[in-house]
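Rule-based calculations on the coordinates, nothing more; no lab input. Not measured: the values here are computed from a predicted model. Neighbour counts run over all protein chains shown; Cβ positions are idealised from the backbone, glycine included.
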Amino acid sequence: MTLLRQDPASIDLIGSSEAFLAFRDELTRVARVDRPVIIVGERGTGKELAAARLHYLSPRWQARLVTLNCAALAPSLQEAELFGHEPGAFTGAASRRRGRFEVADRGTLFLDELANMPMTLQEKILRVVEYGVFERLGSSEPTAVDVRVIAATNMDLPSLAEAGRFKKDLLDRLSFEVLTLPPLRERGEDIPLMTAHFATRMSTEIGQNELPEFTPNAMGMLMNHDWPGNVRELKNVVERAVVRSGGARIRAENLVFDPFESPYRPQPAIETDGVEIAEEPSPAEGPKEMSGPMSRAGSNTLLDIPLKDRLAEVERSALRDALARSQYNQRRAAEVLGLTYHQFRGLYRKHRPDMEASPNNNE
């Protein structure tokens with residue numbers, strides 16, 4: 001939580017595609033309006049960089065930009081981090097400590113992964129955003145602050161609010177402006193520009209004198225990859241290729257999209273609601289036993305489970321997979337499954353109690 005100074009032009013938001021330029025123009029317009037902003041984007045699209053640019057283009061640029069990753073702290077610790085505490089407020093609180101709202105006074109507070117904030121804390125955030133006051137833990141004295149809140153998420157907050165998993169009043173208050181970062185797959189023409197930028201910076205870092213150059217085959221592979229990890233993934237692939245190439249010319253064989261790929265890579269078992277499905281047994285081995293809630297006395301294979309239960313499990317598994325692939329955006333999950341949104345909602349309502357009760361549920 002140090003006082004930062006940075007030229008907004010030096011922040012790595014790079015691109016010349018129509019989608020990216022439209023986003024950057026909107027960001028520049030919003031930066032000057034002293035209201036809360038939510039930045040939405042898939043993982044690796046550069047939400048934190050966008051928040052930094054918003055801050056440094058705003059009238060608050062000379063004050064602090066303070067960040068809190070809500071996914072990096074346990075819910076029980078987030079309140080003390082945000083609001084601070086008085087001596088004796090809890091075990092180990094030996095002295096007064098300022099929270100991040102207080103440190104960010106007259107500046108900007110960036111709340112990353114906002115969807116991970118517990119509902120009990122959302123009410124307190126709403127009060128600060130609405131009235132500019134809060135109490136430290138262990139104190140009843142109000143502390144006034146002047147803070148602009150920028151939040152970021154890779155999840156569909158309106159859907160979470162409808163499902164009762166995010167406070168509607170807070171969503172309304174924070175969404176004065178909502179900026180959505182386009183994924184890299186929609187910015188294909190930006191890939192060569194970003195590749196050159198990341199490669200040049202990496203070659204300088206390792207003391208390479210010549211500017212790196214990608215062969216046509218290598219560039220073609222970069223252009224044709226779907227980039228589920230977006231700009232962060234591209235950066236890793238390009239920098240890895242520069243290091244592996246051993247020279248300025250980077251060939252297709254220097255590109256490694258999955259650094260875990262190996263003939264010795266462990267093969268995990270597939271688990272579904274506690275049912276472990278290992279590799280297909282050979283005829284000599286015979287059927288393997290199944291464990292978990294779907295197993296029953298005298299049943300050794302999935303064929304022994306009633307058809308209704310098997311179909312329900314297939315539907316739940318498909319729902320979980322589609323939600324994970326779409327970052328829990330239900331409209332995109334419906335598209336993944338080839339369903340209309342209303343068909344998806346009906347199927348999700350049908351299976352949601354069992355999915356939430358499952359120990360393997362990751363929502």
Exercise. In terms of modelled amide H atoms, which long-range or inter-chain residues lie less than 5 Å from the amide H of residue 69?
Worked result: 112
Seminar exercise, completed: Along segment 128-144, Karplus-curve 3J(HN,Hα) (6.51, -1.76, 1.60; θ = phi - 60°) to the nearest Hz, with x for Gly and Pro, reads 5, 5, 6, 10, x, 9, 7, 10, 5, 4, x, 9, 10, 7, x, 10, 8
Problem set entry | Residue-span extension gain [residue 350 to residue 232] - 0.36 nm each, minus C-alpha spacing | 38.8 nm
For this session: Select from 137, 23, 62 the residue farthest towards the positive end of the dipole of segment 8-182; place +1 on Cβ of Lys and Arg, -1 on Cβ of Asp and Glu, and compute about the Cα centre.
Result: 62
Exercise. Projected onto the charge dipole of segment 170-223 (+1 at Lys/Arg Cβ, -1 at Asp/Glu Cβ, origin at the Cα centre), which of 215, 194, 183 gives the Cα projection farthest towards the positive end?
Worked result: 183
Exercise. Using 7 Å Cα-to-Cβ label points, what is the residue 262/residue 133 separation (nm, one decimal)?
Worked result: 5.9
Exercise. Taking the Cβ-Cβ separation of residue 252 and residue 201 as r and a Förster radius of 30 Å, what is the calculated FRET efficiency to the nearest 0.05?
Worked result: 0.90
Problem set entry | Cα centroid separation - segment 216-237 against segment 174-195, whole Å | 15
Exercise. What FRET efficiency would be calculated for the residue pair residue 33, residue 123, taking the C-beta separation as r and a Förster radius of 30 Å, to the nearest 0.05?
Worked result: 0.70
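Taking a 19 Å limit on the Cα-Cα distance, which of the listed pairs 168/350; 124/168; 124/167; 47/235 fall beyond it?
Details: 168/350 24 Å; 124/168 14 Å; 124/167 11 Å; 47/235 15 Å.
Going by Cα-Cα distance, 168/350 fall outside the 19 Å limit.
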